[in-house]
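Let me begin by presenting the structure, written as structure tokens, before commenting on it.
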Amino acid sequence: MDVSGNLINNPLQPRKKTFSSTHRSSPSHPKVSLFANQKTIWLVYGPLLIGCITILLLVDKGSIHLAINHLNAPIADVIFRWITEFGAFPLIAATIVVTLFFRFRIAMVATVATTLASLLTQVGKRVIWPDSPRPKVFFADTDLLHVVDGVHLHSAHSFPSGHTAGAFALFMTLAFFAAKPAYKLFFLLAACLVGYSRMYLSQHFLIDVTVGSVIGTGSALLIYAWFSSGKIGAFKPFDGHIRLARSTKH
């Protein structure tokens, strides 16, 4: 300060930086790439879905089902009888519990996605299309179906397939988080095998399975994007780590 009372700038004294409101940093959220990072999934599932839709538009569902059902073998009866259980609640829940010990965030996304898919399919089965018959009823007056021993065939609530929706919600979630393309393809294949098993066992038609796969995939995609965006209010995505707040001394 000089004699007149004015402040003198001291070049050795650090200056305090001021920021205007336009330059304030806002919390950043991780960008979610739903297509670029998941192109392996879409390059396989996309054409497969288009192919199923094309077949459904050109061929009646009864003929489609018989063509699939007649491709049977004793070993396939055993394999698909067990594979189909991965679309049921007990094995879905068990898979999520196992995932919980490795990646908490993935387990949470899978839980919400499978729950959403289940709710949507149950609304479709019991509210919108409650009278949709299963193959057992559709072919009741014939002996054309190959029936697997030990499998109880349901009669009603065929559309859409709940097992397929649950399997796709679970395995697509795992595929979205998988780092390597080979893992993504493995989980997609697992979901497709569950869907195919529902037709092989004469529990559902192709149209039931196709729509079930769309519901499951859509649920997984929606919840994956929702959790990863970091924009759920003050919610931040889980990263599998528990952080303890540090106390500061005053």
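What follows draws every value from the coordinates through simple rules; no lab data is involved. Predicted model only: the values in this text are computed from it and were never measured. Note: ideal-geometry Cβ built from the backbone for every residue, glycine included; neighbour counts use all protein chains shown.
Tabulated data for the structure shown
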item: Taking the C-alpha atoms of segment 33-229, convex hull volume expressed per residue in Å³; result: 119
item: Estimated FRET transfer efficiency when R0 is 35 angstrom, pair residue 222-residue 56 (beta carbons, to 0.05); result: 0.90
item: Highest average packing first - 126-138, 167-179, 101-113, 149-161, Cβ atoms within 10 Å; result: 167-179, 101-113, 149-161, 126-138
